[in-house]
Amino acid sequence: MKIIKSGFYARSLNLHVYFQLLSKRGHHLSSFNPSLTEKKWQKIYATDEPKDYKASKSSFSMVLPPPNVTGSLHLGHALTVSIQDAIVRWHKMRGMNTVWVPGCDHAGIATQAVVERQLLAAKGKRRADMPREQFMEMISVWKNDNESRIYEQLQTLGLLLDWDRKTFTLDPNMSKSVTEAFIRLYNDGLIYRKFSLANWCVALQTSLSDIEVDYLEIESPKSVVFPSSKGRSVLMGQIYEIAYPVEGIEAELTVLTTRPETVFGDVALAVHPKDQRYTAFVGSILAHPITGRRIPVISDDSVDMDFGTGVVKITPAHDTLDYEIGQRHSLEMIQIFNENGDIQNAPEQYLGKSRFDARDAVLETFSQMGLLRGSKSHKMAVPICSRSGDLIELMPRPQWYVKCEPLAEKAIEYVKSGELKLIPKYHEGVWFEYLRNIRDWCVSRQLWWGHQIPMYKLKGCEDTWFPAPDHSSALDIAKAKYNSEDIVQDQDVLDTWFSSSLFPFAVFDWPNNNQDMKRFFPLSLMETGSDILFFWVARMVMMSSYLTGKLPFREVLLHGMICDAGGRKMSKSKGNVIDPVDVINGISKKELEAKATRSWKEGIISKDELNTSLVTIDSNFSEDGIKQVGVDGLRLALCSYDIKNDMIKVDTEHLYFHRLFLNKTWQAMNFLLINLDKAESLPEVVTLHSKNPVNAWILERLYEMLRKVEMSFLDYDLHLVTKAIIQFMYFELCDVYLECAKPMLVQKDDVSLETISTLIHCLEVGLRTLAPFTPFFADEMYEILHSNLMQRGLKLEGFPASGLRATNAKYPASEEWATLENPKLKDSMKLALEVVKVVRAIKARSKMTKHKPNVFISGPLILEEQLSPLCSVVTTLSRIQGLHFASDDKDLKQQENYGRESFSHGTIFVELETAVNTDIRDQILKLHAKRDKHSDYLSYMQKISKSSKELKRLRMTKDSCAKKMENIRKELKQVEEELEVLKHDHKADETR
């Protein structure tokens, strides 16, 4: 028979040489080396031709949530791409056309801030010091470098992305889509311009939408350093009582305020119309103690009579409620902060002071005037920028808004009707709550980097705004409508989320209704983090349903937030961030500490964050640090977590287990190659048949694995998919079957050939099943397997004569293996393995692991019927002389030299050595000493946990201390259980 050669195999000289070397040394493989395997296949994947789409096939389409061009990939990105790549590859291997579009987000605010900082540091300039075009060119150069780095990082992960479709959110096609969407929404009355209060971030010099504002909960007075406070601490959580004298009478009204610095914008005091304490004051005039401005006392239903004194000061330019009251009462709006957060429109001695310095000055003035009545602690929620952490100021500005309520109604209906499926389902509640209470979306940003708003006006004429796709078109409109060419475009850009909300259809060149739009839109699935359900997912649904008349996708799979092993969100301030590169390559504890120190020196983290990081590293890692896991190990490990949980607690030891799993599978392949070498005669076609019960059992388990994998993939329960694969490949194939196969392979008969055939099929199917999670490993192993078979003139029954990649093969379908189901054998083997477990436990506690005793089982007659065909399994795995059955255990119970234990179907008796019985007392004494040692250590750690000083001395955190105590308690429990068993055996011996 001719050796089958694939296109890749024929051109792979290195591989040919590799296998020649293998044959000279008996086909022995060394341990799995992730780095070598990854580098080899990364080069191969890079030369792959673009996908060929066949009209006869159904399609599966997704987009990768575009990472911000400002950063490098973190563990959250690694989780996202691992989940998505597994799903895409699964659909591809099932014969579907797949499209998975990569991209990068221009990240307007973040990118501009980074480049501005670099410009200031390098040249001492700000963007205002140069033309807009020059600054944009600088950002473009920086963006190109960063974008290339991000794409390189993604490519190292072996992803099945359609690189020929990669999209940057400022690409010309995206800009065309953004402009079209804005103009349509404006012409349909869903975008409007309004002079109103906007969330202003001083640090970033731009407005923000409500959804981009977080709230810092302050329980009691606390000093906070904000990015724009220039290093000074600002006291928050304090409320001040200030008196305002009433003109013409000996009376005053007092108010409570947390922002004394806003008094320059006071235009009235307000009370509730039903508050009888102040009825007589309504209509009175007060002379403002600092500004001298004459302000009225008004009544308004929105005033809370029960808060503070029942009197509130009205500052319409800097508070939402005050703004609404001001509108109702036609009050003046005085803006007292400029865009830098400094005081304006105030008495001369306060002008130019920062808002934080102004607070101290105002309180000092009121105190000198005898009008400061005191202060007290006040629980409050401080609005801060979700991007910079700076204190948000409400500023009156003209902005563009999207009218969201009519768009939200459709998004609600889609989920209600089941047309749009949120997974997990519990997200539906927050979806409805958010959309039913949605506010209009401020989409203006005072930046240069982004999509410039396609709105024009005549110079100096605010009421002449009109949309146009470009300057030339705007000139034509202005000539026709106003008989003028003196026009200007709005200098603001659109919120980054506006372009992102169009991503699912803009990547297919919308509004063109091309072949891609027809074939791949709507998307089959949107997979992303649950933390951007409103930032992104809801907006995509609203925009797509209005602009295209279709949902952007049919299903939304939301994964939880990456946390450390203790359940804490990963952040620089906690020092618990895990870099995926460190997991892939491995890093020692010393190198982790050096890396943290470098980050501090480069200004990435503060001194406090450095100290926290060093404590965390010291308490969480041994000298080995993070062991090398490799790309495939990391991907498989991340998919082994239940991604539908709100929190995904990542433990580096859990990650490393998956590297060990791959190495174990690698060694199983090595075992096969060695035995292929030893085989005296093999059939040309490796068929699947199983007369031997052990072979039949492992094939039954193979079918069960495929059945679970199929069901779990359909439900997006990837943790159950990986659990089923690992259970089969690691615990059943490697731990049980291979051990049982060793004596079977020695026989050199039909059973031996059947066993080799069975093992080949198990590994071949297992590798195809693994391929969506571990493409590098699966392809390498698959190539080794089939190349070895081909060198021997063999092929698998039903396997094509080309294609040496697991990732290009057909994904195993459970129905193809349904004939292997064998419930009776499954139950019998389960019973045999239970016996093995009990016998091993008796031998271990009797210190007989190297002995081969006789074992007797008493129980119902059916027990012998079930176990007799599997005696070899029990004797091999338990390392015993023989397995015997007894229907009556009276004689056995009277024997002195037997260890015994009950199990589900009867009692097991293990023949003990005489010397072993005399040793039980020594074991008990040793366990007592071990228990005392653990108890003392636990008491010591409990004292440490209550002392901050001791924790600091030992460079431990409370969490790491608690974790260590929990481990001690587990060890104590295990010692107690072992003692209990030995005492029982010793007592039984004494009774005998």
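The values are calculated or read from the model by the stated rules, or taken from the named source; none is laboratory data. Values in this document were obtained by computation on a predicted structure and should not be read as measured data. Heads up, the Cβs are rebuilt from the backbone with ideal geometry, glycines too, and the neighbour counts pull from every protein chain shown. We work out accessible area using only protein heavy atoms, side chains counted, and drop any ligands, DNA or RNA first. Shrake-Rupley method; radii C 1.70, N 1.55, O 1.52, S 1.80 Å.
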Legend entry - Phi-based couplings in Hz for the range 154-168 (Karplus 6.51, -1.76, 1.60; Gly and Pro marked x): 5, 5, 5, 7, x, 8, 8, 6, 8, 5, 6, 10, 4, 10, 9
Legend entry - Label-point gap, in nm, between Ser233 and Glu250 - each point 7 angstrom along Cα→Cβ: 4.4
Legend entry - In degrees, nearest ten, helix 75-93 long axis to first principal axis of the chain (Cα): 60
Legend entry - Rounded Å value of the spacing that divides the Cα centres of the range 253-283 and the range 720-750: 80
Inset, instruction - Would you work out which of Gln881, Asn33, Ala806 lies farthest towards the positive end of the dipole of the chain, given +1 charges on the beta-carbon of Lys and Arg and -1 on that of Asp and Glu, about the Cα centre? - result: Gln881
Legend entry - Amide H within-cut-off set for Phe553, under 5 Å, with H built and near neighbours excluded: Leu523
Legend entry - FRET efficiency, Asn967 to Lys830 (Cβ-Cβ, R0 35 Å, nearest 0.05): 0.65
Legend entry - Sites Asp463 and Ser58 - FRET efficiency at Förster radius 60 Å, r taken between beta-carbons, to 0.05: 0.70
Legend entry - Per residue accessible area of the range 149-283, 1.4 Å probe, in Å²: 43
Legend entry - Degrees, to the nearest 10: 405-417 long Cα axis against longest axis of the chain: 20
Legend entry - Fraction of accessible area attributable to carbon and sulfur, the range 384-439 (%, probe 1.4 Å): 48
Inset, instruction - Could you size up the charge dipole of the chain around its Cα centre, putting +1 on the beta carbon of Lys and Arg and -1 on that of Asp and Glu, and report it in debye to the nearest 20? - result: 2220
Legend entry - Burial ranking of peptide ranges 308-321, 205-218, 491-504 (average Cβ count within 10 Å, highest at the top): 491-504, 308-321, 205-218
Legend entry - Helix-only [θ]222 nm of the chain, DSSP H runs n ≥ 4, -39500 (n - 2.57) each, per residue, nearest 500: -14500 deg cm²/dmol
Inset, instruction - Give, in nm to one decimal, the length gained when the segment between Ala361 and Arg294 is fully stretched (0.36 nm per residue of separation minus the Cα-Cα distance). - result: 22.0 nm
Legend entry - Sulfur and carbon atoms: percent of accessible area, the range 757-832 [1.4 Å]: 49
Legend entry - Check: the range 152-289 dipole with +1 on Lys, Arg Cβ and -1 on Asp, Glu Cβ, in debye: 260
Inset, instruction - Starting with the highest mean, order 469-481, 256-268, 239-251 by the number of other Cβ atoms within 10 Å, averaged over the residues of each peptide. - result: 256-268, 239-251, 469-481
Legend entry - Cut-off 15 Å (backbone N to label point 7 Å along Cα→Cβ of Arg439), residues of the range 379-420: 381-386, 392-397, 399-405
Inset, instruction - Please give the per residue accessible area of the range 700-797, computed with a probe of 1.4 Å over protein heavy atoms only, in Å². - result: 27
Legend entry - Spacing of the two label points (7 Å from each Cα toward its C-beta) at Asn513 and Asp677, in nm: 6.6
Inset, instruction - Arrange the peptides 830-836, 577-583 so that the one whose residues have, on average, the most other Cβ atoms within 10 Å appears first. - result: 577-583, 830-836
Legend entry - Solvent-accessible heavy-atom area per residue, rounded to whole Å², over the range 375-522 at 1.4 Å: 43
Legend entry - Degrees, to the nearest 10: 13-24 long Cα axis against longest axis of the chain: 30
Inset, instruction - Counting only DSSP beta bridges with both residues in the chain, tell me the antiparallel percent, nearest 5. - result: 70
Inset, instruction - Classify the range 323-428 as rounded, prolate or oblate from the Cα gyration tensor: take a ≥ b ≥ c as the square roots of its eigenvalues, call it rounded if a/c is under 1.5, otherwise prolate when a/b beats b/c and oblate if not. - result: prolate
Inset, instruction - State the percentage of accessible surface on the range 211-326 attributable to carbon and sulfur atoms; use a 1.4 Å probe and exclude ligands, DNA and RNA. - result: 49
Inset, instruction - Please find the FRET efficiency linking Ala929 to Arg953, where r is the Cβ-Cβ separation and R0 is fixed at 30 Å, and quote it to the nearest 0.05. - result: 0.55
Legend entry - Euclidean distance of C-alpha centroids, the range 341-405 and the range 56-132, integer Å: 37
Legend entry - Added length on full extension, which subtracts the Cα-Cα distance from 0.36 nm per residue, Glu428 to Asp306: 40.3 nm
Inset, instruction - Output the lone cysteines of the chain: those with no second cysteine's C-beta under 4.7 Å from their C-beta. - result: Cys104, Cys404, Cys442, Cys461, Cys563, Cys639, Cys734, Cys740, Cys762, Cys871, Cys961
